[in-house]
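Colleague: There's a structure below that I have some questions on.
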Amino acid sequence: MKQAIVARTDLGMGRGKLAAQVAHASLTAYEDASSDARMEWKSGGQKKIVLKVASKDDLLDLAEQARREGLPYAVIRDAGHTQLDPGTVTTLAVGPAQEAQVDAVTGDLSLY
């Protein structure tokens, strides 16, 4: 079991902002997963990886692929209280799901 969190590099988010957006994505996708997937992922150490994309379009394309594959996922839009405008798409989480399923969507991406 694995979860991949994908963050945009074109926004220039500070480290703290990036960490908060990754956390939002991880938790929101976790809540979208089945109870069996949540339990299996938690008992297996909650494996996760943070990856990068260059644009909103790239991130949304991956979200659509995850949706088509039937994977739990979450697209995070910022509230706009600090660095970004309200509604800015920042991150995507895919999974928790079987590692091969997550890799089928995010396996070609580089580490953040």
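No lab work stands behind these numbers, since they all come straight from the coordinates. Fair warning: this is a prediction, and the values are worked out from it, not measured in the lab. Glycine also receives a Cβ, built like all others from the backbone with ideal geometry; neighbour counts cover every protein chain displayed.
Colleague: Consider Ala93 carefully, then state whether it is surrounded by 21 or more Cβ atoms within 10 Å (Cβ to Cβ), touching a helix residue (DSSP H, G or I) at 6+ places or on another chain (Cβ under 8 Å) and under 20 Å from Leu11 (Cβ atoms). Show your work before the answer.
Modeller: Details: surrounded by 21 or more Cβ atoms within 10 Å (Cβ to Cβ): yes; touching a helix residue (DSSP H, G or I) at 6+ places or on another chain (Cβ under 8 Å): yes; under 20 Å from Leu11 (Cβ atoms): yes.
Considered against the rule, which asks whether it is surrounded by 21 or more Cβ atoms within 10 Å (Cβ to Cβ), touching a helix residue (DSSP H, G or I) at 6+ places or on another chain (Cβ under 8 Å) and under 20 Å from Leu11 (Cβ atoms), Ala93 comes out as yes.
Colleague: Here's a follow-up. What do you reckon, is Lys56 surrounded by fewer than 20 Cβ atoms within 10 Å (Cβ to Cβ), over 15 Å from Thr9 (Cα atoms) and in contact (Cβ under 8 Å) with a residue 40 or more places away in the chain? Please lay out each step first, then the result.
Modeller: Numbers: surrounded by fewer than 20 Cβ atoms within 10 Å (Cβ to Cβ): yes; over 15 Å from Thr9 (Cα atoms): no; in contact (Cβ under 8 Å) with a residue 40 or more places away in the chain: yes.
It is false that Lys56 is surrounded by fewer than 20 Cβ atoms within 10 Å (Cβ to Cβ), over 15 Å from Thr9 (Cα atoms) and in contact (Cβ under 8 Å) with a residue 40 or more places away in the chain.
Colleague: Going residue by residue through segment 60-77, is there one that turns out to be polar (S, T, N, Q), touching a residue at least 24 places away in the same chain (Cβ under 8 Å), surrounded by 13 or more Cβ atoms within 10 Å (Cβ to Cβ) and more than 14 Å from Arg8 (Cα to Cα)? Can you show your working first?
Modeller: In the first step, residues of segment 60-77 are kept if they are polar (S, T, N, Q); the result is 65.
So of that shortlist, the ones also touching a residue at least 24 places away in the same chain (Cβ under 8 Å) come out as 65.
Now narrow it down to the ones that are surrounded by 13 or more Cβ atoms within 10 Å (Cβ to Cβ): 65.
When the remaining residues are screened for being more than 14 Å from Arg8 (Cα to Cα), the result is 65.
Yes, segment 60-77 has at least one match.
Colleague: Inside segment 1-23, can you point out the residues that are part of a helix (DSSP H, G or I), buried (at least 19 other Cβ atoms within 10 Å of the Cβ) and not polar (S, T, N, Q)?
Modeller: The first filter runs over segment 1-23 and keeps only residues part of a helix (DSSP H, G or I), leaving 15-23.
Next, only the ones that are buried (at least 19 other Cβ atoms within 10 Å of the Cβ) stay: 18, 21-22.
Selection gives Leu18, Val22.
Colleague: Between a first residue in segment 1-28 that is over 15 Å from Ala74 (Cα atoms) and touching a residue at least 24 places away in the same chain (Cβ under 8 Å) and a second residue that is in a helix (DSSP H, G or I) and small (Gly, Ala, Ser), which pairs have beta carbons less than 8 Å apart while being 6 or more apart in sequence or on different chains?
Modeller: Met1/Ala37
Colleague: Quick one: is Gly70 under 15 Å from Val105 (Cα atoms) and of a type in the set (Gly, Ala, Ser)?
Modeller: Spelling it out, Gly70 is indeed under 15 Å from Val105 (Cα atoms) and of a type in the set (Gly, Ala, Ser).
Colleague: Among the numbered conditions (1) over 10 Å from the mean Cα position of the chain (by Cα); (2) part of a helix (DSSP H, G or I); (3) surrounded by 15 or more Cβ atoms within 10 Å (Cβ to Cβ), tell me where Lys42 comes up short.
Modeller: Result: Lys42 fails condition (3) only.
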